[in-house]
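Presented below is the structure to which this report refers.
The values are calculated or read from the model by the stated rules, or taken from the named source; none is laboratory data. Since this is a predicted model, take the numbers as computed values, not measurements. Counting neighbours? That spans all protein chains shown, and the Cβs are built from the backbone with ideal geometry, glycine included.
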Protein chains: 2
Amino acid sequence: MVEGQPWWQLRLRKRGYRATLGRKAIIEFLSRSWKHPSPEQIYLTVRRIYPGIGLTSVYRTLEVLEHLGIIRKLVFGDGRSRYEISGGPRWRYHQHLFCVKCGKVIDYQSYIEEKEKLLNKIGKALSKKFSFKINTHQLHFYGLCKKCR
Amino acid sequence: MVEGQPWWQLRLRKRGYRATLGRKAIIEFLSRSWKHPSPEQIYLTVRRIYPGIGLTSVYRTLEVLEHLGIIRKLVFGDGRSRYEISGGPRWRYHQHLFCVKCGKVIDYQSYIEEKEKLLNKIGKALSKKFSFKINTHQLHFYGLCKKCR
DNA sequence: GTAAATGCAAAGGTTTTGCACGTTA
DNA sequence: TAACGTGCAAAACCTTTGCATTTAC
């Protein structure tokens, strides 16, 4: 029964969560999306494939998936949250540029290794200094995209 | 008339903004604060010194001050924004740790130079690659503080 | 069959807007 | 005295909660 299951299904079940149709639809949508949709955008799109879904379930599902590390929540301060897949076979670590005018999010992968090395070093120093357990980090650049500048 | 004016007053006037009592009260409060207050916290505190102020003005003032680079807006994704002074004589560059359980924000200054060097390098590469004009960045670590872990 | 998950409607919390009035330069 | 700034109330938005019903295992 284990083989043949998508990676995320296994992760859900291992932690006692059920692999429902709504969750499946949301994860599959996010896996295919190269954008960083907000809960409402996810709701509007997923609804076309799985018409029964409600916005509430989208929010609740996103919370669960984030908790399991299947997705990542991004906040840029424009009043809406955004989500992206953070695991699975095709996934690659990356960071983000945010256009403060139009809200466009651009993925980038420059100097990832160098950055990871430094951030790990910083993270370790901080854990020790403040007895703080670091789970994750976010590095965002803010500015104006090509169209908006 | 120029000497004797606080640094922020000059910055406001140079850009055509007026140095009102409300703005003065907010900036002075933020200059003294080592915390990262939300608009509501700013409102509640400043109101004790300057009772006439309204929450709306706090929001509008924060927007102006951020636009002028006098303060910085911090977002951690818990549904409220936070602000801190980002200039003036006593100010020192720093970054933040955020406790996802209690919302505590800790300032830190580890490896600042090394980090700045790398981020400038990344910033330049990204500006070029995406024709993106970078204004600022935020690097946040998320986790659990001493009390909450 | 039982506990988990869902949809709907309502509520909650933060931030923004309209407009008449007050203040600053 | 002309703009600019402000306070109040209302609106707009995003997100969460309560509860009866459905679904997964």
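Of the residues examined, A:Gln95 is one that is out of contact with any Gly (no Cβ under 9 Å at 6 or more places or on another chain) and more than 15 Å from B:Tyr108 (Cα to Cα).
In the set A:Arg48, A:Arg82, only one residue is more than 30 Å from B:Lys121 (Cβ to Cβ) and at pLDDT 95 or above; that residue is A:Arg48.
Scanning the stretch A:114-140 for residues that are part of a helix (DSSP H, G or I) and touching a Lys or Arg at 6+ places or on another chain (Cβ under 8 Å), which turns out surrounded by the most Cβ atoms within 10 Å (Cβ to Cβ)? Reasoning before the result, please.
Let us first name the residues in the stretch A:114-140 that are part of a helix (DSSP H, G or I), namely A:114-130.
Cutting the leftovers down to touching a Lys or Arg at 6+ places or on another chain (Cβ under 8 Å) gives us A:118, A:122, A:127, A:130.
Details: A:Leu118: 17, A:Ile122: 21, A:Ser127: 15, A:Phe130: 17.
If we take residues in the stretch A:114-140 being part of a helix (DSSP H, G or I) and touching a Lys or Arg at 6+ places or on another chain (Cβ under 8 Å), then A:Ile122 is surrounded by the most Cβ atoms within 10 Å (Cβ to Cβ).
Taken over the stretch A:88-105, the criterion of being surrounded by 14 or more Cβ atoms within 10 Å (Cβ to Cβ) and more than 22 Å from A:Phe29 (Cβ to Cβ) is satisfied by A:Gln95, A:Leu97, A:Cys99, A:Val100.
Looking only at residues of the stretch A:78-130 that are in contact with a Leu (Cβ under 8 Å, 6 or more places away or on another chain) and small (Gly, Ala, Ser), we find that the one that is nearest to B:Arg72 (Cα to Cα) is A:Ser81. One residue stands out in the stretch B:101-141 among those that are within 7 Å of chain A (Cβ to nearest Cβ) and β-branched (Val, Ile, Thr): the one that is nearest to the chain's Cα centre (by Cα), namely B:Thr136.
Restricting the first member to the stretch A:56-80 and to residues that are closer than 16 Å to A:Ser31 by Cβ and not assigned by TED's automatic domain parsing to the domain that holds A:Gln41, and the second to residues that are more than 13 Å from DNA strand C (Cβ to nearest atom) and assigned to a helix (DSSP H, G or I), no beta-carbon pair is closer than 9 Å while six or more apart or on different chains.
Just checking, does the stretch A:29-38 include any residue being within 14 Å of another protein chain (Cβ to nearest Cβ) and either within 10 Å of DNA strand D (Cβ to nearest atom) or of a type in the set (D, E, K, R) (or both)? Checking the stretch A:29-38: at least one residue is within 14 Å of another protein chain (Cβ to nearest Cβ) and either within 10 Å of DNA strand D (Cβ to nearest atom) or of a type in the set (D, E, K, R) (or both).
Here is the figure for the stretch B:66-87: residues that are away from chain A (no Cβ under 12 Å), within 16 Å of DNA strand C (Cβ to nearest atom) and buried (at least 17 other Cβ atoms within 10 Å of the Cβ) total 3.
Please determine, by comparing only the residues of the stretch B:10-33 that are of a type in the set (A, V, I, L, M) and surrounded by 15 or more Cβ atoms within 10 Å (Cβ to Cβ), which one is nearest to the chain's Cα centre (by Cα). Outline the logic, then answer.
Residues of the stretch B:10-33 of a type in the set (A, V, I, L, M): B:10, B:12, B:19, B:21, B:25-27, B:30.
Narrowing the set further to residues that are surrounded by 15 or more Cβ atoms within 10 Å (Cβ to Cβ) leaves B:12, B:19, B:25-27, B:30.
Working: B:Leu12: 16, B:Ala19: 19, B:Ala25: 15, B:Ile26: 12, B:Ile27: 10, B:Leu30: 9 Å.
Filtering the stretch B:10-33 for residues that are of a type in the set (A, V, I, L, M) and surrounded by 15 or more Cβ atoms within 10 Å (Cβ to Cβ), the one nearest to the chain's Cα centre (by Cα) comes out as B:Leu30.
Scanning the stretch A:71-113 for residues that are assigned to a loop (DSSP other than H, G, I, E, B), hydrophobic (A, V, I, L, M, F, W, C) and in contact with a strand residue (DSSP E or B) (Cβ under 7 Å, 6 or more places away or on another chain) yields A:Phe76, A:Trp91, A:Val100.
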